[in-house]
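Data first, discussion second: the structure below is written as structure tokens.
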Number of protein chains: 2
Amino acid sequence: MPTYTVPEKEFQFLLHEVMNVSEQSIDGYAEMDADFTGAVIGEAGKIASEMLTPLNAVGDKQGCTLENGFVRTPEGFKEAFDQVREGGWTGLDMPEQYGGQGMPYVMGIAINEIFSSANQAFAMYQGLTHGAASAILVHGTDEQKDRWLPKMVSCEWTGTMNLTEPHCGTDLGLMRTKAEPQKDGSYAITGQKIFISSGEHDMAENIVHLVLAKIPGGPEGIKGVSLFIVPKFLVNEDGSLGNRNGVTCGSIEEKMGIHGNSTCVMNYDGATGWLLGEEHKGMRAMFTMMNEARIGVGVQGLAQAEVAYQNALAYAKERLQGRAVTGAENPDGPADPLIVHPDIRRNLMEQKSFAEGARAFALWGAHLVDRSHRAGDAYAEGLVSLLTPVIKGFLTDMGYDMTVQAQQVYGGHGYIEEHGMSQFTRDARIAMIYEGANGIQALDLVGRKLAQDGGKHVMAFFDLVKGFIKENEDNEALKAGYLEPLKAASKDLQAAGMYFMQHGVKTPNAALAGSYDFMHLFGHVCLGLMWARMAKAADAALKSGNTDPDFYAAKMATGRFYMARMLPATKMHLARIESGAEPVMALEPAQF
Amino acid sequence: MPTYTVPEKEFQFLLHEVMNVSEQSIDGYAEMDADFTGAVIGEAGKIASEMLTPLNAVGDKQGCTLENGFVRTPEGFKEAFDQVREGGWTGLDMPEQYGGQGMPYVMGIAINEIFSSANQAFAMYQGLTHGAASAILVHGTDEQKDRWLPKMVSCEWTGTMNLTEPHCGTDLGLMRTKAEPQKDGSYAITGQKIFISSGEHDMAENIVHLVLAKIPGGPEGIKGVSLFIVPKFLVNEDGSLGNRNGVTCGSIEEKMGIHGNSTCVMNYDGATGWLLGEEHKGMRAMFTMMNEARIGVGVQGLAQAEVAYQNALAYAKERLQGRAVTGAENPDGPADPLIVHPDIRRNLMEQKSFAEGARAFALWGAHLVDRSHRAGDAYAEGLVSLLTPVIKGFLTDMGYDMTVQAQQVYGGHGYIEEHGMSQFTRDARIAMIYEGANGIQALDLVGRKLAQDGGKHVMAFFDLVKGFIKENEDNEALKAGYLEPLKAASKDLQAAGMYFMQHGVKTPNAALAGSYDFMHLFGHVCLGLMWARMAKAADAALKSGNTDPDFYAAKMATGRFYMARMLPATKMHLARIESGAEPVMALEPAQF
């Protein structure tokens, strides 16, 4: 059975030694001293290890079942959800006004990682609710907020996002679900939505669906899409539950993974809904929750990589197989542990250096969201808008690859379901697809975000990298191992951006054909920057004679691995980008 | 439901325009004219598409079940196996003396690809039998050959390979299974073997297990391992089946994929076995079948990539979503097909250029085996021994990645089981693990094969590349698009080899820490060479005014994609290799 231990020290190092959160003048940050964050993370870790981790395999094995329109979640899920609710974890970073704890998003993201590592399918019930509640928070009327938010913040009612229809996923302009205006100001929603995570289940009293639909007579395509609140049970004036609404679960999907989460086909048959935000501005409202959700999904990639790594590492230390080429390291045993072998070590170091770098990146992204939302920082808002597709696409692609590598450490034992390594890869796979498939993230990055506001945000990113290198150029501990590779990688990223500028306007395909590589190139530079920042903090701690030199020395070495072994990917991505659109587009569809 | 169409034209192009098989003076090659190979491949394709493909999802869904020691295979498997047997497909490249058809291995590998694309789990029953029969063919006495081979060639009896035990997979020296000599010259085999593919099932009258075990009193470790023939049913003098032997299936494993194949725990309880080959030389005998099996497993990686690609391509042409950035290409429809989008095109081109290059590589490997076995060509034997770990490791890693990419084309529809794209990735995953996990392939390549016979074989490979470039340097059609990138990639490979030579002797870890990257670097150079050869043939066909210019033009363009977009990976691998062992080995195990 796989285990999970919260990487508390890693979180604390990032929050307090790299990001110095409690010193930032952002609403809610002053309270986040090391004792406080340590207590919250430690407590979440306990829930994750003791309650959610054992349920992960149960969820995978049992899945969800639909009978007479009623979805049964795996044994133990409901009880665990009750405990998560009771502990106040569901409203951690939600406003106190609605029953939340008002903590910064950076803490929300940390807890999100922890719960996702332990049980991604379970964490999704809460995650979707959080996204839906955020959309109501930003776009709802005061009455809507008062009506829906308290129960959603507490997860007494859960939430969903309804976008996809059988014939349209990415291209929502093709949507057919209709919303007919009713005399009482409500709408009658009719249509079918698919791939609705947590669409129907037995863990909450009510489910609040946010549904994209078209009001007849509105503009064509994506410009005529509006967003609606459609509850499973209507809610009476006094807040009690009323009649069942005209929305039912038609079937649940058999999937590669996340079996513990019910992925539903939802049928809306004149269901009563209320407009959220403005008419025909549904996409804008949906994107509020999409952007935040995308960082959350990026974290899922990291989370599965982390837990898979922890188990691969334990196996590599314990499983005796072969002898170190440099001489037996366990001479009294029948063989040496796997970890003595350089290729196993390479594999583990890739996982470790990715997970630690990715965590820094995700927390930085969340911190930028806090600066934007809690301190009105337009610079941070622009930067995180640029980085969001990178966090989502790069972290989920790499996170998936790392779960595959972790599985490989187990050999044949990784392929059978018994050890749980297969589940990590099967669960991680979805994160590359949902909330906008990663190709769409790359398109968003290159087609929209790069040029946004005259390219201001990407210039800001480059200034950040340059500034860091300049500030630290005299630090011998960083120079060769960190600053030089970061500089080289950042140059590759700039060259790629330059290539797009020079060719993309005349030949849009020249930019788009390189978009996926650009997203990965960008991701590596971001992790390079994260590692340089972490190394700076670790070096400072070592020089100050901090109490745990082993931790900081390991940090320095892990970062050097990333810079030496992972960053060289930027050269490859640049070469691929600079080969342009011709090789990609040379064939006519009929020639395939 | 996924479909499969045999890439007959691709096979024919490789066999007759690139490899010119029927002109080679190798036993059995003269018969292989285009009509003949076309007929065989076409017929195999029919069986694959019509019979094996529909059973693929059935096998995945139903899996195998164990009841009272009896394993039931999925519905339809037995009947399909009967038909494959009756068609003579099981002994295609086996000697006529034992009922085979005596065709070259290159044809065997082609058919292997076809059946594996259609249904990997099913093809394994035959594949394992082939491997076991090959070992008996090479190491058996005449009596053993006469007794076992005719029924194994026809697959009336199937075969297995029993290596792994619960506590040892890679490190077989730790093996505990015992073989006690009996008075009649047989041995009593006792022990437990795990992960035995096709270990027990209902598709054949008898199962011939090849089992590695230790004869008490023999040398310690791997040097004391012998190989035994242990049938499920003993065989009487007259060839009829006798008593049940002391071997039973203890349980079957729940796996990530290949559910249609029974992966068994096999318990040997004083089972009667006969020594195959010499005492304590079991590993040598096993490697006979391992090397050949490794090429076959490499082909499985390619095979899953091919079928996944075919389905992704069909979906990309059919699914309407979004508009081409350069203007609507399906203006009368609600949207353009996915294939207009550059990033979808990039994804498909990666799959296509990989599958076609990999097929050329696999057939070339098989051809080298033919030259070695059928023409006693020591040069070919050395070369294929070097290339075997590359074929196995590179083709299965890349093949898996390509199935993941194919799944991505489907978006959410790729994650649900309904469309079969998830099965391709789940099935493909095993090929990176079995027959020696890919890290072991890399170790074999760098630790053994590179330096074998004084490095003669790798020098021969470089000469081959150099020779090709020199011979064709005046061909303007190849120069920029093919020869230059091939030269650059080959230089990277040589530089990596040089790095190992300079550092590996003093610091073995410096070579081993780079072994995995070297395997991939080598694989890319091989596919680059394959593409250069294919381009040469395609260019010649175009210049000669061949009848299907579209096919050859597409071939040229697909190859240019590989050279421009895939080969740049060599630079990354070289940089990683040249960073040496330090970043990889810097941490002590306790520091992880």
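Values quoted throughout were computed directly from the atomic coordinates according to the rules given, and no laboratory measurement underlies them. Bear in mind the structure is a predicted one, so any value in this text is a computation, not a measurement. Virtual Cβ from ideal backbone geometry, glycine too; neighbours counted across all protein chains shown.
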Sparse-neighbourhood loop hits (chymotrypsin sites (Phe, Trp or Tyr not before Pro), segment A:123-195; DSSP loop; Cβ within 10 Å at most 14 others) -> none
Pseudo-spin-label distance A:Glu156 to A:Glu31, built 7 Å along Cα→Cβ, given in nm, is 2.2 nm
Tilt, helix A:105-118 to longest principal axis of chain A (alpha-carbon atoms), in degrees rounded to tens, equals 80 degrees
Rounded to the nearest whole number, the Stokes-Einstein translational diffusion coefficient of chain B at 10 °C and 1.306 mPa s (Kirkwood radius, C-alpha pairs) in µm²/s is 64 µm²/s
Along the dipole axis of chain B (charges at Cβ: +1 for Lys and Arg, -1 for Asp and Glu; origin at the Cα centre), the most positive-end residue among B:Gly100, B:Val390, B:Gly45 is B:Val390
Here segment A:485-494 yields Karplus 3J(HN,Hα) values (6.51, -1.76, 1.60; θ = phi - 60°; whole Hz; Gly and Pro given as x) of x, 5, 4, 5, 5, 5, 4, 4, 5, 5
The alpha-carbon center of segment B:545-592 and that of segment A:137-207 are separated, in whole Å, by 45 Å
Distance in Å, no decimals, from the C-alpha centre of segment B:294-361 to the one of segment A:496-534 is 23 Å
Once phi for every residue in segment A:552-563 is put through the Karplus expression 6.51 cos²θ - 1.76 cosθ + 1.60 (θ = phi - 60°), the whole-Hz ³J(HN,Hα) values, with Gly and Pro written as x, are 6, 5, 5, 4, 4, 6, 5, x, 4, 4, 4, 5
For chain A, the longest principal axis of the Cα atoms and the Cα long axis of helix A:34-47 enclose an angle in degrees, to the nearest 10, of 70 degrees
Taking Cα atoms only, helix A:53-62 is inclined relative to the longest principal axis of chain A by an angle, in degrees rounded to 10, of 60 degrees
Summed over the other residues with a beta carbon less than 14 angstrom from that of B:Gly382, with K and R at +1 and D and E at -1, the charge totals 0
Violations at 29 Å Cα threshold for listed pairs B:Lys214/B:Lys506; A:Lys506/B:Lys317; B:Lys466/B:Lys571 -> B:Lys214/B:Lys506
Under 5 Å from the placed amide H of B:Thr272, counting only residues 5+ away or on other chains, we find B:Ile189, B:Gly246
For B:Lys255, the lysines lying under 20 Å Cα to Cα, once residues fewer than eight places off in the same chain are dropped, come out as A:Lys61, A:Lys255, B:Lys61, B:Lys193
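In a shell of Cβ-Cβ distance under 13 Å around B:Gly301, excluding B:Gly301 itself, what net charge do Lys and Arg (+1) and Asp and Glu (-1) give?
Result for the local shell: -2.
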The answer for the net charge of residues other than B:Ile114 whose Cβ lies under 14 angstrom from its Cβ, with Lys and Arg +1 and Asp and Glu -1, is -4
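Using unit Cβ charges (K, R positive; D, E negative) and no other charged atoms, how large, in debye to the nearest 20, is the dipole of the protein assembly as shown about its Cα centre?
Charge dipole, the protein assembly as shown, about its Cα centre: 1860 debye, nearest 20.
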Charge dipole of chain B built from unit charges on the beta carbon (Lys, Arg +1; Asp, Glu -1), centred at mean Cα; most positive-end Cα among B:Gly523, B:Ile26, B:Ala375 is B:Gly523
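If you keep only loop residues by DSSP, which chymotrypsin sites (Phe, Trp or Tyr not before Pro) in segment B:389-429 have at most 10 other Cβ atoms within 10 Å of their Cβ?
none
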Within segment B:226-261, the residues whose backbone N lies under 20 Å from a label point placed 7 Å from the Cα of B:Glu180 along the Cα-to-Cβ direction are B:226-231, B:234, B:244-248
Nearest-0.05 FRET efficiency for A:Asn236 and A:His167 at R0 = 35 Å, using Cβ-Cβ distance, is 0.45
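May I ask you to list the GluC sites (Glu not before Pro) in segment A:12-51 that are in a DSSP loop and have at most 15 other Cβ atoms within 10 Å of their Cβ? Don't skip to the answer; put the middle values down first.
Values: sites: A:Glu17, A:Glu23, A:Glu31, A:Glu43, A:Glu50; in loops: A:Glu31.
Taking segment A:12-51 and a limit of 15 other Cβ atoms within 10 Å, the loop GluC sites (Glu not before Pro) found are A:Glu31.
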Computed for chain B: size of charge dipole around the Cα centre, +1 on C-beta of each Lys and Arg, -1 on C-beta of each Asp and Glu, debye to nearest 20, value 1460 debye
Projected onto the charge dipole of segment A:158-281 (unit charges on the beta-carbon of Lys, Arg, Asp and Glu, signs +1, +1, -1, -1), the Cα from A:Ile215, A:Ile258, A:Thr190 with the largest positive-side position is that of A:Ile215
